[in-house]
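Structure first, commentary second.
The values are calculated or read from the model by the stated rules, or taken from the named source; none is laboratory data. What you see is a predicted model; the values in this text were computed from it and never measured. Methodologically, a virtual Cβ is constructed for each residue, glycine included, from the backbone with ideal geometry; neighbour enumeration extends over all protein chains shown.
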Amino acid sequence: MGGTIQKPLAVTGTVSTVVGAAGAAGAADGPMASARFNYLHGITSDGGNLYITDQSNGTIRKVVIATGAVSTIAGTAGASGSADGTGAAARFYLPEGITTDGTNLYVADRNNCTIRKIVIATGAVSTLAGNPAIPGAADGAGTVARFNDPNGITTDGKYLYVTDKKSNTIRKVAISTGTVTTLAGKAGESGSADGAGAAARFTGPAGITTDGKNLYVADQYSYSIRKIVIATGAVTTLAGKNGVSGKADGTGAAAQFSGPAGITTDGANLYVTESLKNTVRKVVIATGAVTTLSGSEGAAAAFKTPKGITSDGTYLYVADYGNQTVKKIK
């Protein structure tokens, strides 16, 4: 989730609410605190706007960063389905990950087992790959391909990269043709092994981001951050100790995560939402050094089950799932 950013961020960890009201679920468009969401999940940015998967409403929402104005681009709140169409005529079923190439949005439509495309200018929705409600792991073009709980999604402009969570694989989708291949992992086999392509193992891969040459994956139930070289499919563990849940800062395997969910990059660092600890962690790509940027456990926590994370190039924005809000970190 989230695209490539051109320069390292200068964020210090201060958190504020951009839109929504804590604990107030709904579907209302409008300015800032008047807007309502119903378990927002994925988030991405084109620099001037945020785009959000409003999961339980089955809609795709837009937030103008400068004003906080919220509108609905596609879908109708409370009406789930798999229909293509424009704006309110389209239907989604628990959409999760979202990314953008600046012209289009691409959505991992989880319960439809599909990848959807939305033209930002018009709200026109089409299905790029997968077959609604028919889970599987097959590679192929368009409706021949199968996904099983597609979760995170990112793009390098030519391809989409999708975490196929229940298949424990990383899938590659050609935007021009909808052709799907498996880049890493083996469907039906979980684990934490590093290796190339089908030799690697994942356990519940969730968020994914790219710097153009590599992918970085929040491997949720391996409690680690994984790196994939796009050209070769080679997988390594950048931070965290596979299979060990915790909250320790540190470098590489000395660091611990608990439920890493969303992930984005500024090219030098990764920023990871840790949904079970209500924190946002920072990982230095060059060293694997992990620190806690924002958030804490307990009643004073700034986040409640944070999910997606993205940046406009200056600040970080978090889909704060349990609070029904979008938070900014500066």
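Which one is nearest to Ile115 (Cα to Cα), of the residues in the range 170-185 that are in contact with a Lys or Arg (Cβ under 7 Å, 6 or more places away or on another chain) and assigned to a strand (DSSP E or B)? Let's see the steps before the verdict.
Just the residues of the range 170-185 that are in contact with a Lys or Arg (Cβ under 7 Å, 6 or more places away or on another chain), to begin with: 175, 180-183, 185.
Next, from what is left, pick out any that are assigned to a strand (DSSP E or B): 180-183.
Values: Val180: 10, Thr181: 13, Thr182: 15, Leu183: 16 Å.
In this case the residue turns out to be Val180.
Go over the candidates Leu160, Leu128 one by one and state the one that is assigned to a strand (DSSP E or B), closer than 15 Å to Gly85 by Cα and of a type in the set (A, V, I, L, M, F, W, C). Step through it out loud before you land on a result.
On the way: Leu160 fails: closer than 15 Å to Gly85 by Cα.
None of the other options fit; the residue is Leu128.
Looking at this structure, is Ala69 in contact with a Pro (Cβ under 7 Å, 6 or more places away or on another chain) and among the aliphatic types (A, V, I, L, M)? Spell out the reasoning first.
Values: in contact with a Pro (Cβ under 7 Å, 6 or more places away or on another chain): yes; among the aliphatic types (A, V, I, L, M): yes.
Considered against the rule, which asks whether it is in contact with a Pro (Cβ under 7 Å, 6 or more places away or on another chain) and among the aliphatic types (A, V, I, L, M), Ala69 comes out as yes.
Provide a single number: the residues in the range 143-166 that are surrounded by 17 or more Cβ atoms within 10 Å (Cβ to Cβ) and either farther than 17 Å from Ile228 by Cα or touching a Ser or Thr at 6+ places or on another chain (Cβ under 6 Å) (or both). Give the steps one after another, and end with the answer.
Taking the range 143-166 and keeping what is surrounded by 17 or more Cβ atoms within 10 Å (Cβ to Cβ), we get 145-156, 159-166.
Applying the additional criterion that residues be either farther than 17 Å from Ile228 by Cα or touching a Ser or Thr at 6+ places or on another chain (Cβ under 6 Å) (or both) yields 145-156, 161, 166.
Final tally of qualifying residues: 14.
For the range 237-257, does any single residue satisfy the condition of being buried (at least 23 other Cβ atoms within 10 Å of the Cβ) and closer than 30 Å to Gly23 by Cβ?
yes
Please count how many residues of the range 195-234 are under 16 Å from Thr182 (Cα atoms), assigned to a loop (DSSP other than H, G, I, E, B) and within 14 Å of the chain's Cα centre (by Cα).
Of the residues in that region, 1 qualify.
From the list Ala35, Ala90, Ala69, which residue is surrounded by fewer than 23 Cβ atoms within 10 Å (Cβ to Cβ), of a type in the set (A, V, I, L, M, F, W, C) and more than 18 Å from the chain's Cα centre (by Cα)? First the steps, then the outcome.
Numbers: Ala35 fails: surrounded by fewer than 23 Cβ atoms within 10 Å (Cβ to Cβ); Ala90 fails: surrounded by fewer than 23 Cβ atoms within 10 Å (Cβ to Cβ).
Selected residue: Ala69, the only one of Ala35, Ala90, Ala69 that is surrounded by fewer than 23 Cβ atoms within 10 Å (Cβ to Cβ), of a type in the set (A, V, I, L, M, F, W, C) and more than 18 Å from the chain's Cα centre (by Cα).
Which is over 22 Å from Ala33 (Cα atoms) and among the β-branched types (Val, Ile, Thr), of Thr325, Thr305, Thr273? Please lay out each step first, then the result.
Details: Thr325 fails: over 22 Å from Ala33 (Cα atoms); Thr305 fails: over 22 Å from Ala33 (Cα atoms).
Being over 22 Å from Ala33 (Cα atoms) and among the β-branched types (Val, Ile, Thr) holds for just one of Thr325, Thr305, Thr273, which is Thr273.
Just to be sure I understand the filter: pairs with C-beta atoms under 6 Å, separated by 6 or more residues or on different chains, first member in the range 107-123 and modelled with pLDDT under 95, second member assigned to a strand (DSSP E or B) and crowded, with 19+ Cβ neighbours inside 10 Å. Which pairs pass?
So the pair list comes out empty.
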